[in-house]
1. Sorted by average packing, counted as other Cβ atoms within 10 angstrom per residue and highest first, what order do 78-89, 124-135, 101-112 take?
2. Taking residue 145 as the anchor, which lysines have their alpha carbon closer than 20 Å to its alpha carbon, excluding any fewer than eight residues away along the same chain?
3. Which entries of 42/186; 89/128; 85/186 show an alpha-carbon separation above 19 angstrom in the structure shown?
4. Once amide H atoms are built 1.01 Å from N in the peptide plane, which residues 5 or more positions from residue 130, or in another chain, come under 5 Å H to H?
5. In whole angstrom, how far apart do the alpha carbon centroids of the stretch 98-122 and the stretch 131-183 sit?
6. How large is ³J(HN,Hα), in whole Hz, for each residue of the stretch 157-172 in order, when computed from phi with the Karplus curve 6.51 cos²θ - 1.76 cosθ + 1.60 and θ = phi - 60°, using x for Gly and Pro?
7. Could you name the aspartates and glutamates in cross-link range of residue 114, using Cα to Cα under 15 Å and dropping any fewer than eight places away on the same chain?
8. Output the pairs from 88/118; 88/119; 34/218; 88/191 with a Cα-Cα distance over 19 Å in this structure; if there are none, say none.
Amino acid sequence: ELIYSVNFNYIYFYMVNKIFLIGFNKTATCSFYKFFSKNNIKSCHFYSHRYYDKNDLIPRKNQKPYCCRDKWYRTLVNHFRMNEKKHKKLLDGIENDVIFFSDITDDCTSTDAKDFYKKLHIQNPGSKFILNIRNVDKWILSRKKHWRSGLLEKHCKYFNCNKTEIDNIWKNIFFDHVNDVIKYFKNENTKLLIYDIEKDQPKKIVDFFKNDFKLDEKHWGVHNKAH
């Protein structure tokens, strides 16, 4: 499928390849989302039908296509689950011009990108993936401070553990996912970007996608930082 796109002062053609951010929440998912959105790449973050414009303003609900309440509140995880039950592709029902997907997570069940990335790869063979990582202990601390979502309490309930035991559970999930992704893409390293949010610079993202998109480093920033 060929898309004709106008981006500020240049025009280009590109094959519609999706980009999936497959690291966990509290590893700069919002920063990645805003970076790609501000580079004029239509993006979904957490919700399957909720977008921000270039000024980071949420469109009013009475403006198409944001008027449908079930679509407005449907998370990416719930959208994927719904399509799986109907034996459809995970992205079925999401506009074709959405390129970037981030914060694929369900806080209540510990379901996230780790549970979907292989199927997304199979169903979207031209796509690329970003594994966003950080120091695991800092990641755990940041998750515990993510008070707005109640993540800590929800996961303690889900795993039937206390707030100390959750550390090892999260740590094992983190390393299992990272190792699994590296193993899965070992023969397709041009499709996977591993980005350490504490060590790497945005130029690494720009360089990785230089043959696909014209990205500007100036749009990178830190957002929703807990720790």
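None of the figures in this text is laboratory data; all of them are computed from the coordinates on show. On a predicted model such as this, the values are computed, not experimentally measured, just so you know. Using ideal geometry, Cβ is built from the backbone for each residue, glycine included, and neighbour counts are taken over all protein chains shown.
1. Per-residue mean Cβ counts within 10 Å order the peptides as 101-112, 124-135, 78-89.
2. 26, 154, 157, 163, 171, 225
3. Numbers: 42/186 29 Å; 89/128 17 Å; 85/186 30 Å.
Flagged as over cut-off: 42/186; 85/186.
4. Amide H neighbours of residue 130, under 5 Å, 5+ apart: 20, 21, 22, 193.
5. 16 Å
6. 5, 5, 8, 6, 9, 9, 6, 8, 5, 5, 4, 5, 4, 4, 4, 5
7. Answer for residue 114, where 15 Å is the Cα cut-off: 103, 106, 176, 180, listed by chain and number.
8. On the way: 88/118 15 Å; 88/119 11 Å; 34/218 11 Å; 88/191 24 Å.
From 88/118; 88/119; 34/218; 88/191, over 19 Å: 88/191.
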